Amino acid sequence: MRLSRYFMPTLREAPADAQIVSHQLMLRAGMIRQEAAGIYAWLPLGLKVLKKIEQIVREEMDRAGAIEVLLPTLQLADLWRESGRYDDYGDEMLRIKDRHDRDLLYGPTAEEVITEIFRAYVKSYKDLPKNLYNIQWKFRDERRPRFGVMRGREFLMKDAYSFDIDEAAARKSYNRMFLAYLNIYARLGLKAIPVKADPGPIGGDLSHEFIILADTGESEVFAHGDLVEMGAPGPDIDWDGDLEPLVTQRASLYAASDEMHDAARFEAEVPADKRMTARGIEVGHIFYFGEKYSKPMKALVTGPDGKDAPIHGGSYGVGVSRLVAGIIEASHDEAGIIWPDAVAPFGVAVVNLRPGTAEVDAVAEQAYKALEAAGKEPLLDDRDDRPGAKFASIDLVGIPWQLIVGPKGVADGVVEIKRRATGERQTLPLEAALKVIAG
RNA sequence: CGGGGCGUAGCGCAGCCUGGUAGCGCAUCUGCUUUGGGAGCAGAGGGUCGCAGGUUCAAAUCCUGCCGCCCCGACCA
């Protein structure tokens, strides 16, 4: 992409409305524009990052055996009356009437819809387990939306729903999601901690929130240090095998957010040198809810004994749009955003310091084409602007590499490359520089 | 939803108390000079002062109502 033809409206100053760093940087980098409280338009740069995160989530869900569907944003109120949630949900649910005066709602989640689909087709225990997921916009009419896309009213969520014959089988589905989530966050360049969450009326221990570490995060986490060091299990585990040991290894270590924290237990269970206190942001939540929806909505399958029984369900959410902000909270400096390579909107910025000078243009063009051919998604900064302004805006939008082409370097047959994350610079002939960037 | 605050040019702000020509910085446009970390000079454009009423000879400014947005608290991916 040539920056002179792109749409990347950066701001030197942060709008006064933005209080937290990710919101400020997203506005300054021209990633989003607020249209109403908690409702945002995604501008080209923001959309690129959003799509990359979405794709990573998709790949890891697929790997863990989940199957993608796309559910509607508008749902029939009647379905929610079946589950009993239509009246319970309250003002957070955006209710709409169509021209036939029929009650609709903008989905805040999709247990009802997916259960309706499941029960229409699946009748036998032999077809289980199943896990269907959906990456779709949701709407929750929050009392107080805030912090940009961190807590918007409209947000992009990946929601997965598992269907199993009994609780033991459901636990296996749960374990797959537990580990898949850790892999997702690891690929996004984040450190994530699974903490036990309030399981609600169902009870049991099958509910975890995933908190990514960021100094500016909203909630406080207390955890065993090994949990972070252990990291994600990686993609190559046997997804059909027994995942219980991998999950237990992690879930048995102490981890709690401030509201669930038990200082006495923390000190009893975690040696002093392993006690970790950090700040973080909740970006995922998984839970097992048993027959909560299958029973009232009659999602039954016939078991080996010939009897019909409600399936045991679980649901698993990742806040995709929230992750955009979360990653920025976890990865930025005074100059702006520092994107992890996996989600960067562009892989490298080719900064032409003197557009209009034939020799410089030629080298910049050559670099740009080579990087494009190599699949590095280059952004060519061919704007007629001063070097300082270019560096400042490229730093701001957080592109992982800069390949700087200026008249001095071109005269000496070299270019400069800079790594955004470390500030490390190297001056090299173009071919060598391209090799470094290609990794 | 309770408490607090703010709406003046694309962004950041002053002006309001004490009514009388709507201003500053950045950004934008033109010209010249500049060009390795957000340049300099000269000139220019851009505003129903959130909206609606009211008071007044006169309202950005005072009064009333409404709308929008932000922050703190209780809840959520």
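The values are calculated or read from the model by the stated rules, or taken from the named source; none is laboratory data. Owing to the predicted nature of the structure, the values given are computational and were not obtained by experimental measurement. When we count neighbours, we look across all protein chains shown, and the Cβ atoms used for this are built from the backbone with ideal geometry, even at glycine. These area figures cover heavy atoms from the full protein model, side chains too; ligands, DNA and RNA do not enter into them. Shrake-Rupley method; radii C 1.70, N 1.55, O 1.52, S 1.80 Å.
The table below gives the values:
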read-out: Shape call, the range A:10-154: gyration tensor on alpha carbons, a/c limit 1.5; value: oblate
read-out: Sequence-separation-based contact order of the range A:346-438, relative, with Cα cut under 8 Å and 6+ spacing, percent; value: 31
read-out: Label point distance in nm, A:LYS408-A:ILE67, each placed 7 Å from Cα along Cα→Cβ; value: 6.2
read-out: Surface share of carbon and sulfur [accessible, 1.4 angstrom probe, percent] for the range A:65-224; value: 48
read-out: Positive-pole candidate from A:LEU45, A:VAL363, A:GLN24, dipole of chain A, charges at beta carbon; value: A:VAL363
read-out: Stretch gain in nm, segment A:LEU11-A:GLN55, where the contour uses 0.36 nm per residue and the Cα spacing is subtracted; value: 13.0 nm
read-out: Tensor-based shape of the range A:342-439 (alpha-carbon gyration tensor, a/c under 1.5 rounded, otherwise prolate or oblate); value: rounded
read-out: Inter-label distance, nm, simple model (7 Å from Cα along the C-beta direction), A:LYS369/A:ARG146; value: 5.3
read-out: Computed magnitude of the charge dipole of the range A:182-271 (debye, nearest 20; Cβ of K, R +1, Cβ of D, E -1); value: 160
read-out: Of A:LYS51/A:LYS376; A:LYS52/A:LYS435; A:LYS126/A:LYS196; A:LYS48/A:LYS191, pairs whose Cα-Cα distance is over 20 Å; value: A:LYS52/A:LYS435; A:LYS126/A:LYS196; A:LYS48/A:LYS191
read-out: Whole-Hz couplings from phi, Karplus 6.51/-1.76/1.60, listed for the range A:225-242; x for Gly and Pro; value: x, 4, 4, 6, 5, 4, x, 8, x, x, x, 8, 6, 7, 5, 9, x, 8
read-out: Surface accessible to a 1.4 Å probe, per residue, for the residues of the range A:346-438, Å²; value: 45
read-out: Whether chain A is rounded, prolate or oblate, judged on the alpha carbon gyration tensor where a/c under 1.5 counts as rounded; value: prolate
read-out: Cleavage-rule hits, trypsin sites (Lys or Arg not before Pro), the range A:249-350, DSSP coil, Cβ neighbours within 10 Å at most 10; value: A:LYS307
read-out: Helix A:111-121 axis, angle to chain A major axis (alpha carbon atoms, nearest 10°); value: 70
read-out: Cβ-based charge dipole, the range A:249-309, positive-most Cα from A:PRO304, A:SER252, A:ILE286; value: A:PRO304
read-out: Reach of A:LYS408 by Cα under 15 Å, taken over aspartates and glutamates that are not fewer than 8 positions away in the same chain; value: A:GLU359, A:ASP361, A:GLU416
read-out: Highest-MSF residue in chain A out of A:ASP341, A:ASP159, A:ASP384 [GNM, Cα springs under 10 Å]; value: A:ASP384
read-out: Only Lys, Arg (+1) and Asp, Glu (-1) charged, at Cβ; chain A dipole about Cα centre in debye; value: 1020
read-out: Reachable aspartates and glutamates, given that their alpha-carbon falls under 12 Å from the alpha-carbon of A:LYS172 and they are not under 8 places away in the same chain; value: A:ASP164, A:ASP240, A:ASP242, A:GLU244
read-out: Percentage relative contact order, chain A, counting C-alpha pairs under 8 Å, at least six apart; value: 17
